[in-house]
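Novice: First, the structure itself, so that you have it in front of you.
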Amino acid sequence: QVQLVESGGGLVQPGGSLRLSCVASVNNFSIYPMGWYRQAPGNQRELVATITSGGLGTYPDSVKGRFTISRDNAKNTVYLQMNSLKPEDTGVYYCNVVPPRMGYWGQGTQVTVSS
């Protein structure tokens, strides 16, 4: 059974930083493209960062230059470094493979950006 466990969220002021972690209990973790997804209140879940099996990160314009995704295949872990946070970054952050699989969604971690 696959489990994805996110952590590292919290309350941060605008302009602050957070680092999220996701530990995956999945066989052959290194071969999967992984992503961080965000769901803001009242909105659909959106993909905010993707990392290929080779470690290449891609981002939508809304977070480009502020967010950095990375992975440690030895630890079955994917990270999201978030800098220069804005109130519109508020939401629950999830990790999943790309494209996402329904049965893999974890509980997510709440990020709140507010003064």
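The values are calculated or read from the model by the stated rules, or taken from the named source; none is laboratory data. Just so we're clear, the structure is a prediction, and the values are computed from it rather than from any experiment. Note that each Cβ is placed from the backbone with ideal geometry, even for glycine, and that neighbours are counted across all protein chains shown. When the accessible area is computed, the model is the full protein with side chains, heavy atoms only, and any ligands, DNA or RNA have been set aside. Shrake-Rupley method; radii C 1.70, N 1.55, O 1.52, S 1.80 Å.
Novice: Of (1) more than 13 Å from Val111 (Cβ to Cβ); (2) open to solvent by less than 30 Å² (accessible area, probe 1.4 Å); (3) charged (D, E, K, R), Asp89 satisfies all except one. Which?
Specialist: (1)
Novice: Quick one: what pairs do we get from the range 2-22, first residue open to solvent by less than 60 Å² (accessible area, probe 1.4 Å), second basic (Lys, Arg), C-beta under 9 Å, 6+ apart or different chains?
Specialist: These pairs meet every condition: Val2/Arg101; Gly8/Arg19; Gly15/Lys86.
Novice: Within the range 58-83, can you find the residues that are surrounded by 14 or more Cβ atoms within 10 Å (Cβ to Cβ) and not hydrophobic (A, V, I, L, M, F, W, C)?
Specialist: Within the range 58-83, Thr58, Tyr59, Arg66, Thr68, Ser70, Arg71, Asn73, Asn76, Thr77, Tyr79, Gln81, Asn83 meet the criteria.
Novice: While we're on this one: Can you confirm whether Arg38 is open to solvent by less than 60 Å² (accessible area, probe 1.4 Å), in contact with a strand residue (DSSP E or B) (Cβ under 8 Å, 6 or more places away or on another chain), over 26 Å from Ser115 (Cα atoms) and not small (Gly, Ala, Ser)?
Specialist: Spelling it out, it is not the case that Arg38 is open to solvent by less than 60 Å² (accessible area, probe 1.4 Å), in contact with a strand residue (DSSP E or B) (Cβ under 8 Å, 6 or more places away or on another chain), over 26 Å from Ser115 (Cα atoms) and not small (Gly, Ala, Ser).
Novice: So, Gln44, is that one open to solvent by 40 Å² or more (accessible area, probe 1.4 Å) and within 14 Å of the chain's Cα centre (by Cα) or not?
Specialist: Against the criterion (open to solvent by 40 Å² or more (accessible area, probe 1.4 Å) and within 14 Å of the chain's Cα centre (by Cα)), Gln44 does not qualify.
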